[in-house]
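*Asks:* One structure coming up, written as structure tokens, with questions to follow.
Just so it is clear, none of the values below were taken in a lab; they were calculated from the coordinates. If you're wondering where the values come from, they're calculated on a predicted model, not measured in any experiment. No Cβ is skipped: glycine too gets one built from the backbone with ideal geometry, and neighbour counts run over all protein chains shown.
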Amino acid sequence: MYSSDESQQMKLSNGNPIPFQSIIEDNEAGLFYLENDRIVYANPAFVEVLGSTVTSIIGTSIINKAKGEDREILRNAIDEIKKGHSNRFSKDLSLNRNDEENVYFSIHLKVVNRRDGIVEMAGASRDATSRVTKSIKLSIEKSRFASLYENDIAGIFIYNYEIDKIIDCNQKALDFFGYPKKEQFLSKDRFQFVPQSSEYFPKMDLHKLTDKHAERVKKGEAFNVPGIFQGYEDRKFFVRANVIPTFHEYGEAFIIFNDITKSIEADINNKAIEKRYKVIFENSHEGIIYLEANRFEPILSNENALELMGLNDIKEFDNILPHDFIADRELLNTDIKKEDYFPMKVAEAFEKGRTEFEMWARRVNGEIIRINVVFIAENSDKNRPKIIAFIRDITHLYEAQDKLNQKNKELKKYIDSNLELENFAYLASHDLQTPLRSMISFTQLLERRIGESIDDEAREYLDFIIQSGHSMRNLVNDLLSYSRVNTNKINLEKINLKKLLFQINSEMSSLIREKDAYVNIEMVPDSIVADRTKIKQVFQNLIGNAIKFSKEGTSPEVLVTGEETDEWWQFSVKDNGIGIPDEFKEKIFLLFKRLHGVTDYEGTGIGLALVKKIVEQHEGEIKVNSEPGKGSEFVFLIRKPF
Ligand code: ADP
């Protein structure tokens with residue numbers, strides 16, 4: 001207690017005594033007086049603090065009014081004071097008050113007097129609940145932030161919107177922004193680390209947007225926003241930022257952000273891809289329909305698909321059952337019902353992911369078309385699986401294919417019979433050689449033996465037999481070489497062409513002399529790659545014919561020329577002979593085809609067929625240009641090997 005002497009000494013300026021009682025009793029602060037830990041006085045405010053009545057407080061221990069750990073703290077403090085180790089105590093303590101949670105009071109104790117082991121203390125208390133809970137919250141948040149901050153889980157920096165300055169940042173933030181040194185980043189303000197504009201938001205002033213952020217922070221509002229940051233060397237990146245005010249009165253906030261550039265870019269990219277798909281979808285030559293699989297209901301269709309089915313609008317599908325598009329002939333000779341057809345194909349698509357089939361379809365106008373259909377199963381929405389159908393009108397293709405198949409069948413028949421014929425020709429000609437040879441030689445022997453004794457007519461008969469034998473031998477030989485062309489494999493080698501042509505020339509020298517012919521070889525390539533024996537047969541036949549089919553009274557003149565392109569060797573054998581009428585220009589290349597009225601010329605009708613076959617074996621072709629009465633030119637190509 002204050003001594004009366006002291007109190008009497010203290011006066012107001014008007015001389016009146018200070019009204020201590022009223023000051024104490026009416027004080028908003030809780031005031032009390034202790035003897036050791038016992039409360040001997042409590043003003044009304046302190047009685048209220050403890051939520052009790054004066055009578056139930058006076059004489060009780062203040063220690064029991066503290067709660068939990070704080071009770072021990074208070075007990076220790078008072079013990080210390082009693083021991084004389086200290087004269088003061090000051091702390092925010094949690095007090096027991098009507099079971100209320102977290103009631104904090106700041107308690108101050110001061111020793112006033114010590115006597116006979118009793119310490120007298122004056123005490124004061126003030127409500128500290130809101131301050132303490134706030135600071136606890138803050139410390140919890142701080143520890144939360146600290147772990148985020150230090151563990152670099154996200155980029156974090158502390159920004160003060162009042163002074164517009166970055167206060168601090170963690171390593172992760174620095175990595176995101178890319179500044180080599182922390183100081184470089186710390187010197188930036190929001191007008192530097194946020195670009196003013198971006199191509200992605202062309203109409204937006206991003207700096208103005210950060211003004212709004214500043215306002216919100218100052219109001220203590222936490223928020224989460226997408227944004228664009230600008231880092232070292234103006235590198236821009238997309239972020240999602242959590243702005244959490246810490247000391248909002250001072251405009252300070254934690255900005256916690258993640259770089260979401262990759263996902264944004266993927267998103268932008270996806271949109272571009274989607275756009276591209278749309279263009280493909282709309283412009284595809286194929287009909288594309290996107291269908292709900294279970295009910296086979298079109299959701300989307302491109303123009304082509306509608307046109308294919310003979311529709312103008314996707315809505316028209318509503319009036320038509322899917323199986324109306326199936327032509328009757330599609331299910332002819334099957335026991336599949338029309339309504340089961342598409343569900344069957346859909347099931348197949350879901351089983352394998354995709355199914356492709358051809359079918360006869362009926363357009364809305366009744367026209368029957370052949371279509372190729374691909375069903376792709378799309379299962380991304382399990383409850384509503386979809387089908388993407390690609391449809392192509394292949395009616396023309398089908399008809400062409402059908403014709404081709406027919407032709408192929410005929411061709412196969414023809415080839416088979418031709419092969420049989422060639423086989424037969426080979427066997428026949430080969431087996432005919434020996435008896436033919438015997439027939440000729442025995443007739444010759446007979447002629448020699450009885451030649452003197454028979455009359456002229458009989459000798460003429462014998463000569464005729466021998467001559468026919470020779471003709472037949474030629475025929476058999478030609479036939480044999482013709483049938484051998486196919487069986488002998490083509491054997492490519494480098495050939496000195498000039499040498500080969502001169503050799504042919506000299507082998508034909510008797511015919512040349514006999515016909516008074518002139519064979520001129522001009523400008524042929526030095527060498528070619530071909531089958532020597534076969535190419536020799538080609539030139540032999542063409543030059544031979546050129547000499548043979550000469551005009552009466554005119555010496556045959558033959559010109560052989562050749563030239564080379566990247567892909568081909570091209571040759572020409574030209575004569576001044578009788579020529580070939582137009583209608584025979586193709587027929588002469590057929591086996592045994594000889595021209596009418598050319599009976600004056602010996603031959604078998606095999607030579608040109610053989611030539612054509614050999615040229616074709618060299619992947620070339622042959623044709624004849626001719627003017628009857630003036631001459632002919634045989635032109636042929638041989639493909640150069642790679
Ligand atoms: P062949 O010479 O044994 O009769 P080819 O197959 O070599 O048989 O010729 C077929 C036919 O083509 C000949 O019979 C002839 O009527 C005609 N022919 C071939 N070459 C010439 C040519 N250079 N000039 C005119 N007609 C020709």
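*Asks:* Per residue, how big is the convex hull around the C-alpha atoms of segment 284-393? Give it to me in cubic angstrom, could you? Before the final figure, lay out the partial values.
*Replies:* Working: hull volume 10.9 nm³, N = 110.
It comes to 99 Å³ per residue, whole-number rounded.
*Asks:* Could you tell me the distance between the Cα centroids of segment 458-516 and segment 207-256, to the nearest Å?
*Replies:* About 102 Å separates the Cα centre of segment 458-516 from the one of segment 207-256.
*Asks:* Based on alpha-carbon centroids, what's the gap between segment 274-295 and segment 108-122 in Å, whole number please?
*Replies:* 92
*Asks:* Could you list which residues have their amide H under 5 Å from that of I606, counting only those 5 or more apart in sequence or on another chain, with H placed in the peptide plane?
*Replies:* For I606, whose amide H was placed from the backbone, the distant partners under 5 Å are F592.
*Asks:* Also, I was wondering about something else. Compute the signed sum of charges (Lys and Arg +1, Asp and Glu -1) over the other residues within less than 13 Å, Cβ to Cβ, of L397.
*Replies:* Net local charge, L397 excluded: -1.
*Asks:* Past the 26 Å Cα-Cα mark, which pairs from K593/K613; K278/K403; K498/K548?
*Replies:* K278/K403
*Asks:* For the cross-link pairs K352/K382; K203/K236; K65/K91; K271/K352; K345/K413; K218/K271, which exceed 26 Å when the distance is taken from alpha carbon to alpha carbon?
*Replies:* Pairs exceeding 26 Å: K271/K352; K345/K413; K218/K271.
*Asks:* How large is ³J(HN,Hα) for each residue in segment 546-556, as worked out from phi by the Karplus curve 6.51 cos²θ - 1.76 cosθ + 1.60 (θ = phi - 60°), to whole Hz, x for Gly and Pro?
*Replies:* 4, 7, 5, 8, 9, 6, 5, x, 10, 6, x
*Asks:* With angles folded into 0 to 90 degrees, how steeply does helix 456-487 sit against the dominant principal axis of the chain? Use alpha carbons for both and round to 10.
*Replies:* Roughly 10 degrees, rounded to the nearest 10.
*Asks:* Taking R0 as 56 Å, what's the FRET efficiency between M523 and K407 from their Cβ-Cβ distance, rounded to 0.05?
*Replies:* 0.85
*Asks:* Near the amide H of K236, under 5 Å away, which other amide H atoms are found, from residues 5 or more places off or on another chain, if H is placed in the peptide plane?
*Replies:* Counting only residues 5 or more places away or on other chains, the set is G231.
*Asks:* Next up: Within the chain, which is the longest segment that contains none of the trypsin sites (Lys or Arg not before Pro) sitting in a DSSP loop with at most 12 other Cβ atoms within 10 Å?
*Replies:* Free of exposed loop sites, the longest segment is 490-629.
*Asks:* Between H396 and D267, what is the label-to-label distance in nm when each label sits 7 Å out along the Cα-to-Cβ direction?
*Replies:* With each label placed 7 Å out from Cα toward Cβ, I get 4.7 nm.
*Asks:* From the helices alone, meaning DSSP H stretches of at least four residues, give me the mean residue ellipticity at 222 nm for the chain, per-run term -39500 (n - 2.57), in deg cm²/dmol to the nearest 500.
*Replies:* Rounded to the nearest 500, it is -13500 deg cm²/dmol.
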